[in-house]
Structures are given as structure tokens and as C-alpha cells.
Amino acid sequence: MEFSTQTTAALQQLRSAALGVGVFADGVLTPAADVIDRASEGAIRAVLKTEFKGKAGTHLVLRNLPGVKAERVIVVGLGKQQEYSAAAHAGAEQVFASACIGLNVGDGVSALSSVECEGTTLRSRSRALAAAALRAGYRYEATLTKDREPAPRLKKMLVWTTRAKAAEAQEGLKEGSAIGNGVNLARLLGDLPPNVCTPTYLGETAKKLGKEFKSLKVEVLNRKQIEAEGMGSFLSVAKGSDEPPVFIVLRHAPAADKKDKGKAPLVLVGKGLTFDSGGISIKPAANMDEMKYDMCGAASVLGTLRAVAELDLNREVIGLIASCENMPSARANKPGDVVTSMSGQTIEILNTDAEGRLVLCDALTYAERFKPEAVIDIATLTGACVVALGHVNSGLFSKDDELANDLLAAGREAGDTAWRMPLDDAYQEQLRSKFADMANIGGMPAGSVTAACFLSRYASSYRWAHLDIAGTAWKSGKEKGATGRPVPLLTQFLMSRSEA
Ligand code: BES
Ligand code: MN
Ligand code: ZN
């Protein structure tokens, strides 16, 4: 999709298939809506008297308004003016973008970002529009033989602004485009069935990104090479399946002339279980299909590296993905097995369904070689995190207050929020094992915390944070599908650490 600015001063003169203007609840018109209302002799105020109340999440399409050149005006409800926020603005842009897709227009102009709003800038508002437009255009069709809806025609989305501010808006559009493309890549990988999106497929996807973006170098380790690295814990999970495991290394290195010299890389580590049956500790049958989403941590790493490469961030960023299936078989892990991780620490596997930590621990050890400034792992790690935080916030675990606060702030800025969870040493007790250095489960209490505690034992040589995205990476029910979270949070965080 193409993003640009529209600086025609007189809004009513602007030619477009769809022009978006905002109205607050209780009939307060934004300046853009007021201009259109006056030009059309009160068309907007007229509908405010009857069917449209300006509630957040609602919109109304007005066609062929007299005195207005746009083919359609999409009036978007902004909610109460006192409650208008960054999130409300982003929601309004999403409504506008979805309406453009629904109406199947080829281009749209949003005047919504011209409304000032606390905690935002024109750049961040333009970013929200571009990300929303790409999101709205996402269609899953990889394994459908007939398209259920017409292919979206929306090719061009413009921000209405002044000439003086066009450069700032353009900056935001560029960022939003990278985020939206990264989100949609993560969604597609999450949505693909597990017989298509295998570890090998994730490796191929990474290699394709490496071909598409000059700044990305990609390496995909096979089982032999993973063995040579000594990843005994990761391989213990992988060996239960006939599907071969991969360990993916993506490296974004900015061009030498703009390289941020002296700065250590930032490393992202993703859990890439392309299917988690639970293994011998097998899961119940109901909704087991949803465990195809157990690679959404890996998908977010691929999506974020895509965004980083599209933006060509002035910062070295490394993505690591440990990918395999967790299956029951004669070669699968058994409860009671003791395995040796790459770090040398031994693990007693008391539940083969707590496999995410078993693959991540070796990836965290692998990350040491980059002498990173910080490592962030992303994983659909525990059902307990869904119980604690639902589908609203990702769980954030870190002992590093500065890193944690930066990640929380990035999440707020991107509208992809996380909530900080505890990581006190006292929880480590629960991982005590009689037969190994640690057990892989800590019992029922605080299940997402003990999972994070397990990982912390492999992340002691650098600054580290863990995101549990079990509740946020996908939706079930009517809107079933991957969300692409936390690509926006991660990309925002990396952008904030890349400013020259
Ligand atoms: N992939 C699951 C976590 C999960 C569960 C994500 C439900 C999304 C929804 C993970 O591998 C798992 O099975 N965790 C177990 C850990 C337990 C055995 C300690 C869990 O959460 O039940
Ligand atoms: Mn599991
Ligand atoms: Zn899992």
C-alpha cells in the first residue's frame, strides 16, 4: 500500500473516494468535520440530530454531498471529547480504514490525525493510520479455494495535513507501514495450519526475508548443527516429532556508513512451537488446534525483524528462533527424564507440556555470544498468564527496571500494552528438583511467574526481559486468528533505541 500526505487546504475541494472526518460524542464537530458540514449546508449536523451520535467505534457513510468533491465522507465517531486519547484516535483510524476496505474503495484520505490529542504527535497519529490501513487489508486466503470477500482494492491512504507538517506525517507513515507489514506477516504465520507452517517453513520464511532486505543476514541451523551447539534441552523436545527442528538466526546490520558504532546488539528470542500437543503429557482434545499458534513468539520475531529491516534502523538487531513440534511418540520426552541444557544445567522434565521453556533456555544461552545490550524473549508460554491478564496485556517479566519501563512505554505508545509481573527470587523455590538442577514446572501457584523464573536461570549474563504472549497473540471465537502482537511493542521499543 502507498502512503502519502494530502495538503490541499480546502478540504471540501479534495478529490478522493473516501474522506474520513471525526465527530465527538454529543455532537461536537472536529474542525475538519465542521468544514465539510459548512460546505454541504449542514449535512453532518443533520445526521447528528438523527442517527449518528459520535460514539467510539461507530461510523456513517455520506455520499455525494453538495459542495464536497470527495465521493464519500466517512464520519467517524471519536467518543467523548474529554476521554479522547491515543488509543481512541488509533481506534478511530481503524474504523476508518476498515470502512474503506469494506466499501472496497481504491483510496482514502484521513483527516482524523489532524485532531490534536494529548500524548500523541502528528507523527504518532500518522503511524497509527498507516498501521491500521495495513491491518484492515489483511485477508487469510492461503488455504481457501474461493475468496469469501472481494480482494481489498485499497491501494493508497493519505493523511490530510499542512505543507509545513507533511514531513513529520510522512515519517509516521513510514513507521506505521513497517509495523503494519510486520504485524501482517506475524498474523499470516500464526494463521497458517501446522501442516504448512512447520519449522522448515519458518526457516524458509526467514531466508526469504533475507533475500528481500539487504540489511538482513539469515542462517538456518539444522538438527546436526543444533546438536553441535549442544542444545540438549531444545533437542529433547524436537526428537518426539518426525518434523525436523530448526534454529534460525537473523541479523539486521545497518549499512556500514551509518552504523551505530560501539553499541551492542539487541537480541529477540522467539518460541517457535509450530504445534504443541503437550507431548506425552498430552493436552485435552478440545481446541487443541489452537496450539498451532504456539509459534507466535517466533512469528513476532520475524515480523519485527521485517519492520526493522524495512525501516533500516540504525542499530544492530538479532532475532533467534528455536522451532520444533511437541508430539507424543516413542522417542518423545517422558515425565521423569533428565536432560542437559546447552548451559550445562540439568533439567528434570516433570511435565512434557512445559516445553516452551525447554526450547527457549538453549536459545537464551546461544544469545550470550552476541554480548548483547539486552535480550527479550517472546513466547506463548503459559495458560496461567491468560488467567492472570486475559487478552488485554502481555505479561512482562524482568528484574531490570529500566528495560521493563522502556518496554511498557513502547507498548503504550504503540497501543500494544504489557503489564509487569513479579519475578522475586522466592518463587524460584518452586522449581526445586531432587534429581536435577531444576524441574521444568513449579506447580499450580503463579504458573507464569515460575516459568519466567526458569528462563531467568539462563539469562543471568545480560540484561533480559520476557514477554508471555499466550493471551495476546491470537483470538479465539468469532474473530479467531493471530493478532500480530507484540510486533508493534517490539518495533516501537527498537525504534526508541535506534534514534541517531
Ligand atoms: N503453549 C502452552 C501455553 C499456552 C496454553 C498458551 C494455553 C496459550 C494457551 C505451553 O507450552 C504449555 O502447555 N504450558 C503449560 C505449562 C504447565 C504444564 C506447567 C500450561 O500453561 O498449562
Ligand atoms: Mn505446552
Ligand atoms: Zn507450548
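The values are calculated or read from the model by the stated rules, or taken from the named source; none is laboratory data. Owing to the predicted nature of the structure, the values given are computational and were not obtained by experimental measurement. Cβ placement follows ideal geometry from the backbone for every residue including glycine, while neighbour counts extend to all protein chains displayed. Ligands, DNA and RNA are excluded from the accessible area calculation, which covers all protein heavy atoms including side chains. Shrake-Rupley method; radii C 1.70, N 1.55, O 1.52, S 1.80 Å.
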Accessible area per residue in Å² at 1.4 Å probe, computed on segment 32-152: 47
Would you calculate the convex hull of the Cα atoms in the chain and tell me its volume per residue in Å³? 149
At 1.4 Å probe size, with every protein chain present, just tell me what the per residue accessible area of segment 243-401 comes to in Å². 32
Non-local residues with an amide H under 5 Å from the amide H of residue 277, with H modelled 1.01 Å from N and Pro and chain starts lacking one, are 326
Percent carbon-and-sulfur accessible area, the chain, ignoring ligands, DNA and RNA, probe 1.4 Å: 52
Computed over the Cα atoms, what is the radius of gyration of segment 186-310 divided by 2.2 N^0.38 Å, N being its residue count? 1.16
3J(HN,Hα) from dihedral phi, segment 435-442, Karplus parametrisation 6.51/-1.76/1.60, rounded to Hz, x for glycine, proline: 10, 8, 5, 7, 8, 8, 9, x
Of 146/292; 239/283; 217/271; 165/480, which ones are farther than 28 Å apart at the Cα? 165/480
If you fit an axis through the alpha-carbon atoms of helix 199-212 and take the longest principal axis of the Cα set of the chain, what angle between them do you get, 0 to 90°, nearest 10? 50
FRET efficiency for residue 420 and residue 204, using Cβ-Cβ distance with R0 set to 25 Å, rounded to 0.05: 0.10
For segment 15-143, compute the orientation-averaged projected area of the C-alpha convex hull (one quarter of its surface), in nm². 8.1
Quick query: amide H of residue 463 versus all other amide H atoms, modeled in the peptide plane; which residues come in under 5 Å with a sequence gap of 5 or more or a different chain? 375
Count charges around residue 371 for me, please; just the other residues with Cβ under 12 Å from its Cβ, Lys/Arg as +1, Asp/Glu as -1. 0
Report ³J(HN,Hα) in whole Hz for each residue of segment 177-190, in order, from the Karplus equation J = 6.51 cos²θ - 1.76 cosθ + 1.60 where θ = phi - 60°; Gly and Pro get x. 5, 5, 5, x, 5, x, 4, 5, 5, 5, 5, 4, 4, x
Report the calculated FRET efficiency for residue 148 and residue 412 (r = Cβ-Cβ distance, R0 = 30 Å), to the nearest 0.05. 0.30
